[in-house]
1. What average count of beta carbons from other chains do you get within 10 Å of the Cβ of residues in B:135-148?
2. Of the options A:Tyr315, A:Ala334, A:Phe303, report the single residue whose Cα projects farthest towards the positive end of the charge dipole of the stretch A:291-346 (beta-carbon charges: Lys, Arg +1; Asp, Glu -1).
3. Could you tell me which of rounded, prolate or oblate describes the stretch B:82-220, using a ≥ b ≥ c as the square roots of the eigenvalues of the alpha-carbon gyration tensor, with rounded for a/c under 1.5 and, failing that, prolate when a/b is larger than b/c and oblate otherwise?
4. Sticking with the crude label model, points 7 Å out along Cα→Cβ, report the distance from B:Asn169 to A:Lys217 in nm, one decimal please.
5. Calculate how many DSSP beta bridges within the stretch A:17-112 are antiparallel, expressed in % of all such bridges and rounded to the nearest 5.
6. What is the distance, in nm, between label points placed 7 Å from the Cα along the Cα-to-Cβ direction at A:Val124 and at A:Arg168?
7. As an exercise, identify the trypsin sites (Lys or Arg not before Pro) in the stretch A:325-414 lying in DSSP coil whose Cβ has no more than 14 other Cβ atoms within 10 Å.
8. What residues of the stretch A:120-148 lie in the reach of a label at A:Arg411, counting those whose backbone N is under 12 Å from a point 7 Å from the Cα along Cα→Cβ?
Amino acid sequence: MAAGVATWLPFARAAAVGWLPLARKTMPRPPVDKSSRSDEILFVNVSGQRFQTWKNTLDRYPDTLLGSSEKEFFFNEDTQEYFFDRDPEMFRHILNFYRTGKLHYPRHECVQAFDEELAFYGIVPEIIGDCCMEEYRDRKKENQERLAEDTEAGEATDTPLPDSATSRERLWRAFENPHTSTMALVFYYVTGFFIAVSVIANVVETVPCRPLKGTVKELPCGEKYSLAFFCMDTACVLIFTFEYLMRLFAAPCRCKFARSVMSVIDVVAIMPYYIGLVMPENEDVSGAFVTLRVFRVFRIFKFSRHSQGLRILGYTLKSCASELGFLLFSLTMAIIIFATVMFYAEKGTKGSSFTSIPASFWYTIVTMTTLGYGDMVPNTIAGKIFGSICSLSGVLVIALPVPVIVSNFSRIYHQNQRADKMRAQQKVRMARIRMAKKGTANAFLQFKEDGGLGDPDSNSSALCLKNRSAFENQHHHLLHCLEKTTNHEFTDEMAYSEMCLTESVGYRTSRSTSLSSQQGALNNGCCPRRARRRAAMRLANSTVSVSRGSGQELDTLPVKSTNLPLQTRSSLNARAVDIKLNCSDRDFTAAIISIPTPPSNTPDESPPSSPAIPGILRNTRATAYLQDAVKISSL
Amino acid sequence: MKTKNRDQSLSDSRELDGSYDQLTDSIEDDFELSTVCHRPESMDKLQDQTKFTKKELQVLYRGFKNECPSGVVNEENFKTIYSQFFPQGDSSMYAHFLFEAFDTDKNGSVSFEDFVFGLSIILRGTINDRLNWAFNLYDLNKDGCITKEEMLDIMKSIYDMMGKCTYPNMQDEAPREHVENFFQKMDRNKDGVVTIEEFIESCQKDENIMQSMQLFDNVI
């Protein structure tokens, strides 16, 4: 029941007077409401901004945080008010929802932030009022698309292949992403070269060359040097066939690959040659054979593998199919109309070129597109009048769908640009984050060097302990406990990389991120996934070995982000309460870093060590686990 | 040139026919929305005229104004609000009768005063007042007596509020039967109608009804 009408309940109960005289049985006794009847004003303090509202207002929606007893958790006895450490701007909208029954979406806010607030206060986003629902949905969809793009960009193609990849997978990877290995790059350029050669050969074939000695007639070069061209053609087709067969072999799903556009283009490019080989030198059939040669020009489309711009164009045209269809349809309509009119207008003229309506089509098209060849011109006055109307309307009809196509192209192009930029920036960001992490890990090692792990009562450790916050002490104690448990010690990067040199290159990322090599050995054997997760945990406590490249960063970090329930945030928040500023001179600052990570592909296991993560960097404020993001902040 | 603020829908064939000319349509009509805003009389006057205390009036008005910011309830709103208390059945007919009963000045809308006067009678009035009000509710044409048809309408509307899923199953003749029962009890002189005197007299004699009057304790 809409709680807004709860205030009308007394009226509804009063209206029961109409049933009284008709009732056959006695009415039941009314409930006795012992609670104080009078409505009271509640104080809600949201990050310092005080809101006041009637208790009844909040009670309207009992399945939300503010309407239920859940708000008692936030009640501050000292100030007799409910305190929420949230955004007061957003709270205004939330409170308005209680007051008016309609939830509005503030357009200047980030849609994700808004969603989080709603989730916190227990309000379902579906009840956003109609006035704001469109906007909210659009922004949300845009956001999700963008995140999906980013995850796609970060995934797959740049990460190194696992060891266990078959040669087939490697081959496919080489084809899809030529930058992964030199072989692939070489092959990429070679095919590109041969495509160009093939296309140029096709073109040059038809150019007239000087006539053979002794003859007068000029021959096209193709016939003069027919053997040379034939050899070149054969070479190209061989390369293309080889490439196509390799791709077919390497494709993870052959049927899907066979149906894809690129493979169809490949087939169409090489088919004419084979058909030409098979076909006999028959006069009748050679006409068809000549037609087949036209298809050789499709080889130029193979360039779209090499050029992203071409792909974008193709994609744009595909996505604008409806606009193009409309353009075509309207043009056809106009052509038929005007051709008919022109035909009948010019019918009487002697020697007129408008011999039939289809013949007039040519005139209409040429006029509407403002080409105006002049091979067909109207002679009668009526014809001229209609001809001018035709050319004017042509401009309009063509101009209408063009902006739509243009804007589509622009949008897709920019999206692509953004995706590329993201990918490039990702590497830089990862590098910076790694730098920051190295800092924290060094803290612990420094701590150990100073002898902090010694007896807390001894004098030697007193000096270094003095300068640290309680949080740091406890964190380091924890790491120390871990060392004692596993009977291993944390070391720094240099010592580790020496160890690493002795290992083979293709090792799992988990091993490379683990400092305590034994810990790595313990886990690495059975399950690479689990090892990866442990590596992620250790990431917090160790320096990240840079030797493996950026890919591992993306590898390990995504694992950390899981679909943790949002309630953990409050526990993580609480942890940061007793942080004091560290006055040690070894302090170095790192900016607040946010890493949007792709959603984890392993939702089954949740990292148990998540509460330990807040202790990563010194003086952490709040570490929040969001569904898709890991925010690590430090001062 | 007047700005146009209507949607230009190409699918509206009226435009293609040329029978609907948007350019000359006056747009000022759109802005002549009926923004009726009704303010109730002062609280002191209401306090005198009704039996509610100041606080009670405040609570009532706040609830009223929240649901109906314009200060009046029209029948549609009324029905919507009332139907939210009876989700299983169809309360629109009974809400209509209630509306008629509350709308004492018959202007098609219930203002806060009407609302509060009605509630004051029902919740704070004497038993006679309540019975009077109930009679007024039943007497649809306000001619001073309840006929069988009027009673049947009322009864049907009440049974409609129950909806279909009842135990025992709702029979179609249940309202009629109930009406017969009612008339048997109330119609003293068996003239086929129930007058106000018969009604009050019969109700006062009925133990059940008298006991049920406690229903209105603690409603506000």
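Every number here is computed from the coordinates shown, using simple stated rules; none is lab data. This one's a predicted model, so the numbers in the text were calculated from it and none came from an experiment. For neighbour counting, all protein chains shown are included, and Cβ atoms are generated from backbone atoms with ideal geometry for every residue, glycine included.
1. 1
2. The listed residue farthest towards the positive side: A:Phe303.
3. Judged from the Cα gyration tensor, the stretch B:82-220 comes out rounded (a/c under 1.5).
4. Rounded to a tenth, the inter-label distance reads 9.9 nm.
5. 75
6. 4.7
7. Here the sparse-neighbourhood loop sites are A:Lys347, A:Lys350.
8. The answer is A:142, whose backbone nitrogens lie closer than 12 Å to the label point.
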